[in-house]
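Reviewing the structure listed below.
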Amino acid sequence: MASSEPARPAGKAVSANDLGGALDKLRAILPKSKARAGSGIPARKVIRALVWARRFAQAGFLGVFLWFLFQTAFRGTFASADTRVRLPLPVEGFLLADPFVGAMTLLSTRTVYRGLLWSLVTIGLTVVFGRVFCGWICPFGTIHHVFAWIFPSRYGKGSKRVESNKTSPRQRVKYYLLYAFLAAAAAGSAAGGLLDPICVAVRAIGLAVIPAAQYVAGVASSGATATGVRALQSGADATGDFLARTVWQSKQVYFHQTWLVGLLFVAVLFLNRFIPRFWCRVLCPLGALLGVFARFALFGMEKDHAKCTDCNLCLVHCQGADSPQGGVKHRQDECHMCLNCEAACPEDVIKFRFLPGRASTVRTPDTARRTAIATAAAGAAMIPAARIADVLDTNYSSKVIRPPGSVEEREFLERCIRCAECMKVCPNNALHPAFFEAGVEGIWTPILIPRIGYCEHSCVLCGQVCPTGAIQKITEEQKLGVGMKPVSIGTAFYDVGRCLPWSMATPCIVCEEFCPTSPKAIWVEEATVPKRLPIAGQDGKEPEMTTVHVQRPHVDPALCIGCGACEKVCPVQDQPAVYVTNVGETRSKTNVILLENTKYSGS
Amino acid sequence: MADTSRRDVLQRIGAAAAVLGGAAVLGRARWDQGHPFGEGTRDRPQTRDFRLKSGPGELPQLAVATKDTDPASLVRKAVEALGGMKRFVSRGDVVVVKPNIGWDRTPIHAANTNPKVVAEVVRLAFDAGAKRVVVTDASCNEPNRCFQRSGIWKAAYDVGGEIVLPAEHRFRTMRLRGEVLDEWLVYTPIVNADKVINVPVAKHHNLAKYTAAMKNWYGTLGGRRNRLHQNIDVSIADLATFMQPTLTIVDAVRVLLRNGPQGGNIADAKDLHTVIATTDQVAADAYGCRLIGRTPEEIPYIKLAHDRGLGTMFWQNLRLAEV
């Protein structure tokens, strides 16, 4: 700035006139700020400040959300050997403050689990300020806000944009989804997590975006290494170390059938090209829930229709498609409280204030009662419909190995919101979103796939981050069974036809080595077995025989906890000779093998 | 046709010819005629020999410290008996200390190297003038847990050691050209060093019977290590051929006597208050296996390593210092 002021004789006092002339010249150089249309009445200072405050809040909350997501991982500390391994941050915080999660689990379990009481804060904010959560806080909303800003094609600008930002009947869909999911919750399933925005954000970014970025970074790193240039190699190493310490972990993670999670995320972002914030306006059940509560808001909009010139500037910038323009009633339940309309209005029409007049405001969702009842009934009916498919009461899949500390399957379905926090935090990449293994009702609930990763013996992090208690917060002592029965998630079985010591006269027992229990659930039987030499005998005779000493592994089902370490490390790569199924899991009274297991001692 | 000029015709034909020609040149240059499908060349085994070039003179070759209960002073005494750390580490060296950080177990389980032993080795290396001391291992269980709960992360950090956790980008494929180990992923932080000090823990192993020094080189490998058990003895001998450390310091302060290599029951381990220091990794294991009641002849990989000339299984023939 100083350099652009004109030079003047040294020592002379600067008169106000000189300075004014300099400023005028400066204004001539700088790009002109757009003149306000119409009467050009500037927006109130407080509103302009609040719009900026909102932008900073959005950036800040999105940053915190991503930081929490990156920190949903154990990366080791300098703590002493006996310190319990826990995450220092409340990484599941956004889910705890999510009243849709709170409402679903309240309806399904009739209780509010631990930290979910925080969702009252969000309700409180809504009752005072309207849907500020959507406009100021929600990280998924902010992502859509950004994409709706940078994405529109030439078909999404100007009058097209005005059209797309007018209130549309499709916005009722989210309320019907809300009623359906709440009724489904009352019927026993928290499947609404499939569409909860925080769950979607954690799941899509945690299970698809971050792993994909890690994969790309890995390819780039190998490329840099392959060049053989020392500087590039050490640069790639340093970058790799930094990213492994901050964003992801040292090993590439993979998630079972995660393509669908990623695809839906991309699709819903892409919709911003046609209808800004399609997700927030049309699909978001949390937004709908807050929309229901927004009718009580003490803060809101007042319009002076007489002054409106129909310039539609408010509509150009509207986030919620809540009819801010003159001539129609404002939709308080749809408004994200972004305040863009008042900041844009050049005619002094729109005023946000406490206890506004309600003459030109619609406060309740524009939904038809019969449709609402019908969708709720459909939601409730979904649950028995899903359960008569043979996946829960009968023919329960052996692959549904739930994380340690999980509650019994029916209660699990009442609690699990498929937020994927447990999958993200699992240090061994053992937990995965189920596809159809747990039935259509259990899609994206966590299952353990031992071939990809086993359950680390002393780790209880999945329970720590679970916001709804589907996985309870067990201690190491409970999991390991110090002075009690350990928590079992399944039982290992040998496929002796594929086992090296059992059928190929080859020593191995890596499974026994990795078995973490004490005494070990895998024990070995010493045996001397015949082995045919793999070369032809002399004079075309059959190959000669020899004997080999091997240790043949056995599982003790009374000791096996189903962690899957044996399955993970079995050297028979394609289809392991030892594998875990969920029978014998502590949480079930019926899914048991042994008679003594029926003396059930779980909670 | 009439309104197509000669220039236009030539331009179009020229463009088509250029595209076809370009494709032909690219195709010929990148033509893959198929790989010869057979065995690669098998030369002499690859080695990383970090041993001192100068002989020990009249100094002991095998030092066993037992007359103390403090792990740090046992280490100090054993290394002192071999001529002190200055003999092994020169000013400005990058020293890699390779403990066993294989399992998510705490020190009392004796499945990993004692953190006090590791810390003392790091301290001695710095005192001898090392520029950097890297402490690392490629763990069996989840590495972050292993490094923290073994106590080695904190202990090594407190004395200035640089702790490197195994990350995928740190493994490179190498041809080891061993008898059973040919092409494997090798953990580069261990082999990129001026001096390597092997700091294993002595313990029972259900398949190999006893393991310490030579078996500790499993931690230099990535990839599917689970196949090594099918021929564990030759695998260990191959690895000991590949990695020949400057110094071996065996932690036998607390020894896992049963249910190795992972243990898990405090009753399986016993305090023996012993540290073995030597430049001969074969002798280290030959001497060490007696601690859990084995003889070197019973343990095939010790015999194999002896036969390959990697060291001697007859530790009695070495100059022994008991301190």
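The values are calculated or read from the model by the stated rules, or taken from the named source; none is laboratory data. On a predicted model such as this, the values are computed, not experimentally measured, just so you know. All Cβ positions, even for glycine, are placed from backbone atoms using ideal geometry, and neighbour counts span all protein chains on display.
Within the range A:475-494, restricting attention to residues that are of a type outside the set (Ser, Thr, Tyr) and outside any loop (DSSP other than H, G, I, E, B), which residue is nearest to the other protein chains (Cβ to nearest Cβ)?
Start the filter on the range A:475-494 by keeping residues that are of a type outside the set (Ser, Thr, Tyr), which leaves A:476-487, A:489-490, A:492-493.
After this cut, where a residue has to be outside any loop (DSSP other than H, G, I, E, B) as well, the list is A:476-480, A:492-493.
Numbers: A:Glu476: 11, A:Glu477: 14, A:Gln478: 17, A:Lys479: 13, A:Leu480: 9, A:Ala492: 15, A:Phe493: 18 Å.
Selected residue: A:Leu480.
Determine whether A:Cys341 is in contact (Cβ under 8 Å) with a residue 24 or more places away in the chain and assigned to a helix (DSSP H, G or I). Lay out the reasoning, then the answer.
On the way: in contact (Cβ under 8 Å) with a residue 24 or more places away in the chain: yes; assigned to a helix (DSSP H, G or I): yes.
Considered against the rule, which asks whether it is in contact (Cβ under 8 Å) with a residue 24 or more places away in the chain and assigned to a helix (DSSP H, G or I), A:Cys341 comes out as yes.
When you scan the range A:196-212, do you find a residue that is closer than 25 Å to A:Thr371 by Cα, crowded, with 24+ Cβ neighbours inside 10 Å and within 24 Å of the chain's Cα centre (by Cα), even just one?
The first filter runs over the range A:196-212 and keeps only residues closer than 25 Å to A:Thr371 by Cα, leaving A:196-197.
Right, trim to crowded, with 24+ Cβ neighbours inside 10 Å and you get A:196-197.
Those left that are additionally within 24 Å of the chain's Cα centre (by Cα): A:196-197.
Among the residues of the range A:196-212, at least one is closer than 25 Å to A:Thr371 by Cα, crowded, with 24+ Cβ neighbours inside 10 Å and within 24 Å of the chain's Cα centre (by Cα), which makes the answer yes.
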Notebook entry, point to check: Taking A:Leu263 and the conditions (1) in a helix (DSSP H, G or I); (2) buried (at least 18 other Cβ atoms within 10 Å of the Cβ); (3) not hydroxyl-bearing (Ser, Thr, Tyr), which numbered condition does it fall short on, given that it satisfies the others?
Noted result: (2)
Note to self: Being farther than 21 Å from A:Pro557 by Cβ, within 14 Å of chain B (Cβ to nearest Cβ) and either in contact with a Pro (Cβ under 8 Å, 6 or more places away or on another chain) or at pLDDT below 95 (or both): is that true of A:Cys455 here?
What the structure shows: no
Note to self: Quick check on the range A:362-377. Is at least one of its residues assigned to a loop (DSSP other than H, G, I, E, B), farther than 22 Å from A:Ala57 by Cα and touching a Gly at 6+ places or on another chain (Cβ under 7 Å)?
What the structure shows: yes
Next item on the list: Go through the residues of the range B:99-120 one by one and say whether even a single one is crowded, with 24+ Cβ neighbours inside 10 Å, away from chain A (no Cβ under 12 Å) and over 28 Å from B:Asp233 (Cβ atoms).
Entry: yes
Notebook entry, point to check: Does the range B:287-323 hold any residues that are free of Cβ contacts under 8 Å to residues at least 12 places away in the same chain and buried (at least 17 other Cβ atoms within 10 Å of the Cβ), and which are they?
Noted result: B:Lys303
Margin query: Any residue that is buried (at least 19 other Cβ atoms within 10 Å of the Cβ) and in contact with a Cys (Cβ under 8 Å, 6 or more places away or on another chain) - is there at least one of those in the range A:214-226?
Written below: no
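Being more than 12 Å from chain A (Cβ to nearest Cβ) and buried (at least 24 other Cβ atoms within 10 Å of the Cβ) is true for just one of B:Leu247, B:Leu176, B:Leu257. Which residue is that?
Numbers: B:Leu176 fails: buried (at least 24 other Cβ atoms within 10 Å of the Cβ); B:Leu257 fails: buried (at least 24 other Cβ atoms within 10 Å of the Cβ).
On inspection, the qualifying residue turns out to be B:Leu247.
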Notebook entry, point to check: Looking only at the range A:78-121, which residues are among the polar types (S, T, N, Q) and either buried (at least 18 other Cβ atoms within 10 Å of the Cβ) or within 14 Å of another protein chain (Cβ to nearest Cβ) (or both)?
Noted result: A:Ser80, A:Thr83, A:Thr105, A:Ser108, A:Thr109, A:Ser119
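Considering only residues that are within 32 Å of the chain's Cα centre (by Cα) and hydrophobic (A, V, I, L, M, F, W, C), look in the range A:571-587 and name the one that is surrounded by the fewest Cβ atoms within 10 Å (Cβ to Cβ). Explain how you work it out, then say what you get.
First, the residues of the range A:571-587 that are within 32 Å of the chain's Cα centre (by Cα): A:573-576, A:579-587.
Narrowing further to those that are hydrophobic (A, V, I, L, M, F, W, C): A:580, A:583.
Numbers: A:Val580: 31, A:Val583: 20.
Checked the range A:571-587; the qualifying residue surrounded by the fewest Cβ atoms within 10 Å (Cβ to Cβ) is A:Val583.
Please give the helices (runs of 4 or more DSSP H) falling wholly within the range B:64-177 in which 2 or more residues are in contact with a helix residue (DSSP H, G or I) (Cβ under 8 Å, 6 or more places away or on another chain) and closer than 19 Å to A:Cys459 by Cβ. Let's see the steps before the verdict.
Working: elements: B:71-81, B:115-127, B:143-149, B:152-158.
Passing ranges, in order: B:143-149, B:152-158.
Residues checked against (1) among the small types (Gly, Ala, Ser); (2) more than 14 Å from every other protein chain (Cβ to nearest Cβ); (3) not in a loop (DSSP other than H, G, I, E, B):
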{"position": "B:Pro261", "(1), (2), (3)": "no, no, no"}
{"position": "B:Ala267", "(1), (2), (3)": "yes, no, yes"}
{"position": "B:Ala277", "(1), (2), (3)": "yes, yes, yes"}
{"position": "B:Ala284", "(1), (2), (3)": "yes, yes, yes"}
Notebook entry, point to check: Among the residues of the range B:147-166, is any among the charged types (D, E, K, R), surrounded by 24 or more Cβ atoms within 10 Å (Cβ to Cβ) and either within 12 Å of another protein chain (Cβ to nearest Cβ) or more than 23 Å from B:Asn112 (Cα to Cα) (or both)?
Noted result: yes
Check: Of (1) surrounded by fewer than 24 Cβ atoms within 10 Å (Cβ to Cβ); (2) within 14 Å of another protein chain (Cβ to nearest Cβ), A:Cys462 satisfies all except one. Which?
Finding: (1)
